[in-house]
1. Please report the net charge: other residues with Cβ closer than 15 Å to the Cβ of Thr403, K and R +1, D and E -1.
2. Helix-only mean residue ellipticity at 222 nm, the chain, DSSP H runs n ≥ 4 weighted -39,500 (n - 2.57), per residue, nearest 500. What is it?
3. Mind computing the radius of gyration and Dmax over the alpha-carbon atoms of the stretch 129-249? Å is fine for both.
4. Please figure out what share of the DSSP beta bridges in the chain is antiparallel and state it in percent, rounded to the nearest 5.
5. Report the Cα centroid-to-centroid distance between the stretch 143-197 and the stretch 321-344 in angstrom, as an integer.
6. Order these peptides, 104-114, 360-370, by their mean beta-carbon neighbour count within 10 angstrom, highest first.
7. As I understand it, the value is the acute angle between the Cα axis of helix 464-478 and the longest principal axis of the Cα atoms of the chain; what does it come to in degrees, rounded to 10?
8. Return one number: the angle in degrees, 0 to 90 and rounded to the nearest 10, between the long axis of the Cα atoms of helix 249-263 and the longest principal axis of the Cα atoms of the chain.
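The values are calculated or read from the model by the stated rules, or taken from the named source; none is laboratory data. Because the structure is a prediction, the values reported are computed rather than measured. Cβ placement follows ideal geometry from the backbone for every residue including glycine, while neighbour counts extend to all protein chains displayed. Remember, those area values only see protein heavy atoms, side chains included, never the ligands or the DNA or RNA. Shrake-Rupley method; radii C 1.70, N 1.55, O 1.52, S 1.80 Å.
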Amino acid sequence: MIQHSGKRLSEESIRCSLLTVKTKQKLWVLIAMMPFTLLAQKQTNLPLEHLDRSFHVYDQIQKEIWATPELGFLETKSSNTLQKHLQEQGFKVETGMAGMPTSFIATYGSGKPVIGILAEFDALPRLSQDTVAYQKPIEEGGSGHGCGHNLLGTGGVAGAVAIKEWLDATNRQGTIKVFGSPAEEGGGGKVYLARDGFFKGVDVVMDWHPGTRNIVNVGNGYTAVQMVDYTFHGKASHAAGSPHNGRSALDGVEALNYMVNMLREHIPSASRIHYVITHGGDAPNVVPELATVSYYIRHPNRDALKDLVAWVDQAAEGAALGTQTTVEREIISGFYEKLPNRTLAELIQKNLEAVGGVQYDDRERAFAVQMTEQLGVKPSVLDRVAAIQPLPEERPSTGGGSTDVGDVSWNVPTIGFDTASFIPGSSAHSWHWTAAGGTTIGTKALINAAKVFALTAIDLYTTPSLIEEAWEEFESRRGPDFKYEPLLGDRDPALNYQVRK
Ligand SMILES: [Zn+2]
């Protein structure tokens with residue numbers, strides 16, 4: 001029984017007074033905590049404000065890389081630009097990792113947790129384009145940033161620097177690492193970094209890709225891939241004077257391609273096989289002594305992929321036998337499919353929503369509207385860049401592209417997302433992407449990505465149970481018997497894979 005001023009209180013008034021006491025206690029706790037809450041909020045805002053203030057810095061860096069498009073493993077200037085900025089910001093930068101001259105790892109802070117951010121910077125052949133809404137190459141046949149890796153690398157670096165600002169301001173223990181990863185477009189820089197153990201000791205890896213929406217990448221639609229070159233050797237001869245003395249290496253290539261096109265009917269539907277003949281001979285009147293065909297073979301599951309590759313190998317042997325040529329096979333690269341992580345996906349979703357979408361100014365909007373006319377889509381699609389997509393459900397891949405982030409995701413819990421860097425309706429590896437990526441639209445998207453990195457890193461540094469949860473999920477998805485065996489075997493990085501074309 002509770003007595004108050006000698007009077008017995010009704011049940012209701014007791015509840016009320018108890019509530020009042022509790023509320024008062026809560027209020028006092030809140031008031032007492034206020035300086036700390038305000039301080040924490042202020043500290044969380046610090047990296048975001050830093051990024052807003054640094055817009056022009058990263059605008060300049062991304063445009064510098066955009067204006068110097070370099071192909072995979074040849075990205076000396078682009079890599080140096082990012083390294084230089086990180087060094088100026090106090091990061092320790094090591095270069096030339098895993099036998100790749102343009103790779104680097106930049107580290108700031110100390111101790112656990114260790115958070116990694118991936119940074120790419122390679123361009124694509126023949127996608128040179130000016131920042132205008134109609135096709136206009138800057139250099140006819142030249143390279144261009146048709147996949148937005150100028151933004152990707154710069155956004156990763158901007159995020160890491162913002163995280164450094166927060167580590168400094170809060171005196172927290174923790175390490176941030178930027179993985180300068182060359183040659184994502186077919187060279188597989190990250191696979192060599194993973195194979196050589198550079199992700200060991202990293203707790204979480206974050207990654208983003210410039211896209212046409214703001215959306216968490218839960219791993220849907222990615223496939224494992226094996227890139228293989230088949231080189232046939234024949235015997236040169238005058239194609240008209242003594243054809244019977246020659247054996248055509250190009251015949252070997254054509255027989256292989258023919259057989260592959262027949263086997264398509266009998267392989268799992270999510271498979272993808274595509275090829276280009278990178279060398280087919282020199283002149284029609286010379287029986288080709290040497291011919292090479294370059295294959296990408298893909299399947300959402302890497303075990304099924306191995307069976308497919310074995311079948312194409314058999315076809316190559318059969319083609320050589322039937323044309324009396326010989327064939328050599330060289331694995332150029334190979335990537336794992338992506339391993340999803342729901343714990344991290346939900347965390348990124350929260351922070352993507354906190355940061356919000358991309359807001360165009362009048363000039364950017366005019367460019368974007370012109371681009372929609374080029375693309376034949378309604379200008380209303382532009383509303384998408386300001387919106388955040390709901391967190392997608394995971395579903396089995398029905399085929400699609402591949403990324404060397406796949407290998408990272410099987411070594412460390414990894415999560416990625418897109419921000420709206422390009423005009424909705426445009427496709428990757430197009431002049432439309434090169435054009436938009438070189439404007440402030442691209443910079444706005446990379447600053448948003450950097451903010452998501454910063455907010456997520458703060459969550460991971462301040463709530464280590466999130467890392468434990470991500471690891472539990474990671475271990476359970478990989479299975480107890482998992483052993484990482486890269487699909488590219490023990491080969492050295494194919495440093496000249498873009499030169500030989
Ligand atoms: Zn890309």
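1. Net charge around Thr403: -4.
2. Rounded to the nearest 500, it is -14000 deg cm²/dmol.
3. Calculated on Cα positions, Rg and Dmax stand at 23.3, 81 Å.
4. In the chain, DSSP labels about 75 percent of beta bridges as antiparallel.
5. So the separation of the two Cα centres works out to 25 Å.
6. Result, highest mean Cβ count within 10 Å first: 104-114, 360-370.
7. It is inclined by approximately 30 degrees.
8. 50 degrees
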